[in-house]
Amino acid sequence: MPDRLLRVNAYTTFDLLDGRAEGHDFEEEAFAVLNVTAPRKDPDRVTLELELDGTQLEHLPAHADRVTLSAEQARTLAAELVEHAERVEDAQSD
């Protein structure tokens, strides 16, 4: 992805996912970067970052979305991800 807003390196959580942007009058797909970080010194939050490849989007300007989570919120999200991943695995193994 050229002209990325998020820093992408060997430590990036996921650097090439399938993403989708939806609006009231559009829906488009693009490659995406998804990253989870916390400050190195005195971490006080977890940040979840998402950026779709702006070169593949017609309706949105280049941008990155960020959500800041407390440790408890991050654990809640992690538990939800595990629960849904297990449902997908169970459905695929049938």
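The values are calculated or read from the model by the stated rules, or taken from the named source; none is laboratory data. In this text, all values refer to a predicted model and were calculated from it rather than measured experimentally. Here the Cβ is made from the backbone with ideal geometry for all residues, glycine too, and neighbour counts use every protein chain on show.
Here the condition is being under 14 Å from V33 (Cα atoms) and either among the small types (G, A, S) or part of a loop (DSSP other than H, G, I, E, B) (or both); of A85, A62, A78, A91, it holds for A62 alone. Checked against the criterion of being of a type in the set (D, E), at pLDDT 95 or above, farther than 18 Å from L69 by Cα and surrounded by 11 or more Cβ atoms within 10 Å (Cβ to Cβ), segment 16-27 has no qualifying residue.
Checking each residue in segment 47-92 for being surrounded by 10 or more Cβ atoms within 10 Å (Cβ to Cβ), under 24 Å from H24 (Cβ atoms) and not charged (D, E, K, R) picks out L50, L52, G54, T55, Q56, L57, H59, L60, A62, H63, A64, V67. Exactly one residue out of P43, P2 is at pLDDT 95 or above and outside any strand (DSSP E or B): that is P43. Scanning segment 46-59 for residues being within 18 Å of D15 (Cβ to Cβ), outside any strand (DSSP E or B) and acidic (D, E) gives a total of 1.
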